[in-house]
Amino acid sequence: MSRTVDLVADIGESFGSHRISDDERLLSTLTSANVPCGFHVGPPWTLAASDFACRTIGISIGAHPQFPGPRLLRSAGIGAIPRRTEHDVLYQIGALQTSAIVRETSVTHVSPRGRLGTLASTDRYCESAVANAVEEHDADLPALTIPGELDREARARGLRVSNHSA
């Protein structure tokens, strides 16, 4: 039995003109990339540049949704705002998918970023919001998760799941 490994990393993270990583060097080692797709570290111009760079060298792209800046810093769960989180995630997947369509490619997975990813693995409201967004956008789109609530919820719904380490 042969196995393949999909080497995935986060790219395209920036704060204005400040780039967090050397994406050009990193891309040469990857088969897939998580692209932040909105809000504070994934503005439209870096989303488009990341999508273009990946398409140019044949790397698959995944949506890397996150909380908006002020909510990113919350230490509590999101029990009061799951519907807003669902819409935020759906919006971000759609933003990257639109960029991908323009470049004649597609989004291959969704990987919640940072605090959103952590809460999606521990908070039932957050995992439900993320699972709803993925299911509404494209039920065949795999969720790249750390083991936990989102992993269980997505599998229970029949969604595709792939695990990674935190």
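The values are calculated or read from the model by the stated rules, or taken from the named source; none is laboratory data. Note that this is a predicted model, so its numbers are computed, not measured. When we count neighbours, we look across all protein chains shown, and the Cβ atoms used for this are built from the backbone with ideal geometry, even at glycine.
I'm told Leu96 meets every condition in (1) surrounded by fewer than 15 Cβ atoms within 10 Å (Cβ to Cβ); (2) in contact with a Gly (Cβ under 9 Å, 6 or more places away or on another chain); (3) touching a residue at least 24 places away in the same chain (Cβ under 8 Å) except one. Can you identify the failing condition by its number?
Checking Leu96 against (1) surrounded by fewer than 15 Cβ atoms within 10 Å (Cβ to Cβ); (2) in contact with a Gly (Cβ under 9 Å, 6 or more places away or on another chain); (3) touching a residue at least 24 places away in the same chain (Cβ under 8 Å), the one that fails is (1).
How many of the residues making up the stretch 112-166 are in a loop (DSSP other than H, G, I, E, B), modelled with pLDDT of 90 or more and aliphatic (A, V, I, L, M)?
Residues flagged as in a loop (DSSP other than H, G, I, E, B), modelled with pLDDT of 90 or more and aliphatic (A, V, I, L, M) within the stretch 112-166 amount to 2.
For the stretch 48-88, what are the residues that are under 15 Å from Ser111 (Cβ atoms) and modelled with pLDDT under 90?
Phe67
Exactly one condition in (1) at pLDDT 90 or above; (2) assigned to a helix (DSSP H, G or I); (3) surrounded by fewer than 19 Cβ atoms within 10 Å (Cβ to Cβ); (4) in contact with a strand residue (DSSP E or B) (Cβ under 9 Å, 6 or more places away or on another chain) is false for Thr105; which is it?
(2)
In the stretch 26-46, how many are over 14 Å from Leu96 (Cβ atoms) and modelled with pLDDT under 90?
1
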